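Colleague: Pasting a structure below so you can have a look.
None of the figures in this text is laboratory data; all of them are computed from the coordinates on show. Only a predicted model underlies this, so the values are computations on that prediction, with no experimental measurement involved. As a convention, Cβ positions derive from the backbone with ideal geometry for all residues, glycine included, and neighbour counts pool all protein chains shown.
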C-alpha cells in the first residue's frame, strides 16, 4: 500500500498507511525538517566541533527572531553527537553540552545549570568559587568539544555591570577549556555580546531571518509537505507560497504549525491533501492559528 504514496518521503509512506488517529498524533509530534539554512548552521557546528585546540578558539552566534528554529538546530546537533562511555579512560564523554541561559546574568546560577546539564549533583551551600572550581574540573574530565548556551539574550535582563561580569565568565570558560562557545538567541543576544570587544571578535554570526517568498521557502515547503502523511499530493503553487509567508510572517514555527493544522484538517475531512483555497480565506487561517494576543 505504501507504494501508492510516492509524493511522500519513504519514511512518511509507511505512516500514511496508518489510521487517521495515528497520523494526526504523528503530525502533532516534534520532528526534524531539513532545509538549506539549517544545513548551513549544522555544517558550521560540525566544523567547530572538529576544530583543533588552540589558545583562542573560534565561536559561533546563531541569531534570529523567536520561532525561527534556532533551538531545534542545536538540539538536532546534540542528538547527532550523543554522550558515550569511553572505555579507555573509564569516563563519560559528552561531545556537545547544551545549557539554557538563566533569567539574567547570574554566575552562580549558571554554573548550577551547567552542573545539571552534565548530570552532576549541585553541592549544598556552595560559594561561587566552589561552583567554578567544581564545574571546571568536571568539564575537563568530560572533555566536551562544544558548549552551547541557548537564550543568551536573557543577559540583557541584568545591569551593565552584571552583563560585563557574565561575559567575562564566558570568555574565561572558552579560554580555560579551549573549546568553542555557541551562543543562541535573538538580536538582543548580538547586542549583548557587542558590549565586550574582545569576546565579540571571536564570534561568527549565522542569521536566521524570517522567510521570504523565494526559492529557499519553496524548498522548505516542498520538504515539509513530503513529511506530512497525507494520502494525496497537495496542491501548493506560487500563490499559496506567497500567502503562507503573508499569514505566518515568515516565522518557521508558525509555518510548521499552520501546515500541520492544514494537514490534520485534510485528514479529518477526508480530502487527504492541502489545497490553495485552505489559506485563501483569512477567516479559515485565523480559525487555525488563532488571533494574535
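Colleague: What order do you get for 50-60, 10-20 when each peptide is scored by the mean count of other beta carbon atoms within 10 Å, highest first?
Modeller: 10-20, 50-60
Colleague: Based solely on its DSSP helices, what 222 nm [θ] is calculated for the chain when runs of n ≥ 4 H residues each add -39,500 (n - 2.57) and the sum is averaged over all residues, nearest 500 deg cm²/dmol?
Modeller: Details: 14 runs with 148 residues, N = 293.
It comes out at -15000 deg cm²/dmol, rounded to the nearest 500.
Colleague: Another question, then. If I compute Rg and Dmax of the Cα atoms in Å from the structure I just sent, which labelled value in (1) 25.5, 103; (2) 17.4, 54; (3) 22.2, 64 lines up?
Modeller: Of the labelled values, this structure produces (3).
Colleague: Any idea what angle helix 252-269 forms with the longest principal axis of the chain, computed on alpha-carbon atoms, 0 to 90 degrees, nearest 10?
Modeller: 30 degrees
Colleague: Could I ask something else about it? By average Cβ neighbour count within 10 Å, what is the ranking of 225-232, 116-123 from highest down? Show your work: numbers first, answer last.
Modeller: On the way: 225-232: 20.9, 116-123: 13.1.
Per-residue Cβ counts within 10 Å, averaged per peptide and sorted highest first, yield 225-232, 116-123.
Colleague: Using Cα centres only, tell me the gap between the range 111-142 and the range 1-67 in whole Å.
Modeller: Comparing the Cα centres of the range 111-142 and the range 1-67, I get a distance of 32 Å.
Colleague: Sort 154, 129 so the one with the fewest other Cβ atoms within 10 Å of its own Cβ comes first.
Modeller: Lowest to highest Cβ neighbour count: 129, 154.
Colleague: Per-residue counts of other Cβ atoms within 10 Å, averaged by peptide: what ranking do you get for 256-265, 86-95, highest first?
Modeller: Packing proxy ranking, top to bottom: 256-265, 86-95.
Colleague: When only alpha-carbon atoms count, how far does the range 36-208 stretch along each of its three principal axes, as whole angstroms with the largest first?
Modeller: 40, 38, 30
Colleague: By how many degrees, between 0 and 90 and to the nearest 10, does the Cα long axis of helix 215-225 differ from the longest principal axis of the chain?
Modeller: 70 degrees
Colleague: Using Stokes-Einstein with the Kirkwood hydrodynamic radius over Cα pairs, what translational diffusion coefficient do you get for the range 1-102 at 10 °C and a viscosity of 1.306 mPa s, in µm²/s rounded to a whole number?
Modeller: Values: Rh = 17.2 Å.
For these conditions, the coefficient is 92 µm²/s.
Colleague: While we're on this one: Angle between the Cα long axis of helix 128-142 and the longest principal axis of the chain, 0 to 90 degrees, nearest 10?
Modeller: Compared with the principal axis, the helix lies near 70 degrees.
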